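Colleague: This is the structure I want to talk about, given as structure tokens.
The values are calculated or read from the model by the stated rules, or taken from the named source; none is laboratory data. What you see is a predicted model; the values in this text were computed from it and never measured. Positions of Cβ are generated from backbone atoms using ideal geometry, with glycine treated the same way; all protein chains shown enter the neighbour counts.
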Amino acid sequence: MFFGTAPLDDWGYDTGVPSSLLTRRGLLYSACGLPLLRRALAQVPDPETAVIRFFGGVDFATVGKLIADVESFMRQGRTKITIQISSSGGVTVAALAAYQYLKGQPLEITTHNFGSVASAAVILFCAGSKRYSTPLGTFNIHGSLWSSRANQQLGESQLREAANTVSSERRSISLILSEVTGRTEAETAQWIDGRVVWTAKEALEANLIQEIRSQLETSSQAATASIVGSEELAAPDADSASSESTGY
């Protein structure tokens, strides 16, 4: 049987070790007290962090939900948000809105690919100042497409408008990729035109991600968490969008 109370460590934490065992305090503290403290602290959610799992198509509904969740987390005092993404893409203008919104917030944004980040979802992914991927994560980069109503007739001016819109969005995507990777716009434009499909390792080599991480941040490690979207709700063709708009 051990006798004696458990003393406090240098930070005021109870080591959980009876004083009768502390004949060599430094050795016993490092062997017992500090690992116990580390395990206990690892189980405490970070009060400043929130996790959003974005699992579905990129459109106005899912981006609206994403923004609403971010606003809610900010009101709760969260300053760090991790967005875990697996998405086949969707509406380019919605993705651009999400990117600019997230970049304009006083937040530390981390994005983590845990499946496939394709098309418009690449724009959303680029909003992270910290960008990671799981080892089997993939990235698909290409330009926008114009989608119109079935059997709709378009005149010269409308076709010119469609071409200008697609061209403008291509430049925006190229600029975003250039900003986050440090590569030239000429090089990122080649990625878009070449419709590249990258593994996590190739994305790391291109500086699209900064690290390959298997471990995803869990709900227990964050103060709050939410889910945005569902692949069942995504459009059958993720590269198309609603009538008279561009998809990516």
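Colleague: Just one of Q190, Q215, Q210 is of a type outside the set (A, V, I, L, M, F, W, C) and farther than 22 Å from I83 by Cα; which is it? Show your work before the answer.
Modeller: Details: Q215 fails: farther than 22 Å from I83 by Cα; Q210 fails: farther than 22 Å from I83 by Cα.
Just a single option satisfies the conditions, and that option is Q190.
Results for (1) closer than 19 Å to A118 by Cα; (2) of a type in the set (V, I, T); (3) surrounded by fewer than 19 Cβ atoms within 10 Å (Cβ to Cβ); (4) modelled with pLDDT under 95, shown as yes or no for each residue.
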| position | (1), (2), (3), (4) |
| --- | --- |
| T138 | yes, yes, yes, no |
| L145 | yes, no, yes, yes |
| E179 | yes, no, yes, no |
| R183 | no, no, yes, no |
| W191 | yes, no, no, no |
| A203 | yes, no, no, no |
| I212 | yes, yes, yes, no |
| Q221 | no, no, yes, yes |
| T246 | yes, yes, no, yes |
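Colleague: Considering every residue within the stretch 57-72, establish whether at least one is in the same structural domain as K201 (by TED's automatic domain parsing), under 16 Å from the mean Cα position of the chain (by Cα) and within 22 Å of L204 (Cβ to Cβ).
Modeller: no
Colleague: Suppose the filter is among the polar types (S, T, N, Q), more than 19 Å from S214 (Cα to Cα) and either assigned by TED's automatic domain parsing to the domain that holds I176 or in contact (Cβ under 8 Å) with a residue 12 or more places away in the chain (or both); does Q84 pass it? Give the steps one after another, and end with the answer.
Modeller: Numbers: among the polar types (S, T, N, Q): yes; more than 19 Å from S214 (Cα to Cα): no; either assigned by TED's automatic domain parsing to the domain that holds I176 or in contact (Cβ under 8 Å) with a residue 12 or more places away in the chain (or both): yes.
So Q84 does not fit the description; no.
Colleague: Would a scan of the stretch 136-146 turn up a residue that is more than 15 Å from A200 (Cβ to Cβ) and hydrophobic (A, V, I, L, M, F, W, C)?
Modeller: So the first thing to find is which residues in the stretch 136-146 are more than 15 Å from A200 (Cβ to Cβ), and the list is 142-146.
Now restrict to residues that are hydrophobic (A, V, I, L, M, F, W, C): 145-146.
Yes, the stretch 136-146 has at least one match.
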